[in-house]
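K.L.:
Take a look at the following structure, please.
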Amino acid sequence: MSCSRSPAPPSTPAATALPAPAVRDLELTEKITEAHEHSRGTYGAPRVHAVVQREGERCGRRRVARLMRDAGLQGRHRRRRHDSRMPCAGSSASNSTRPPLGIWSPASRN
């Protein structure tokens with residue numbers, strides 16, 4: 001004999017619980033995508049998480065990172081800064097105008 005469970009009455013806590021995680025993930029992904037597009041694609045998971053929290057959604061940073069990864073969203077990386085004060089080691093212009101460091105001395109100048 002098998003027992004089948006009837007749906008919970010509308011007044012019980014089970015009926016008023018949060019939606020299933022998959023449904024919640026879809027709703028959250030929409031908000032994440034909106035925040036990411038609003039930043040013109042520059043915000044990564046930590047900043048998108050802060051924006052979503054400011055809007056009143058409760059979720060974790062790792063969840064935001066997972067949903068962004070699943071949606072193919074990625075923040076922009078900072079550019080590497082180049083120091084323009086010293087010439088590149090491999091450039092031919094610096095090698096032809098100056099001898100390598102350590103070989104040149106004031107006494108050998110003449």
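Read-outs throughout are calculated quantities, based only on the coordinates presented, and are distinct from any laboratory measurement. Only a predicted model underlies this, so the values are computations on that prediction, with no experimental measurement involved.
K.L.:
Hey, what do the phi angles of segment 66-81 turn into as Karplus ³J(HN,Hα) couplings, whole Hz, using 6.51/-1.76/1.60 and θ = phi - 60°, x for Gly and Pro?
P.N.:
Calculated HN-Hα couplings, in order: 5, 5, 5, 4, 5, 7, x, 9, 8, x, 7, 8, 6, 6, 6, 8 Hz.
K.L.:
Could you give the length gained by full extension between Arg47 and Ala20, i.e. 0.36 nm per residue of separation minus their alpha carbon distance, to one decimal place?
P.N.:
Going from the current span to full extension adds 7.2 nm.
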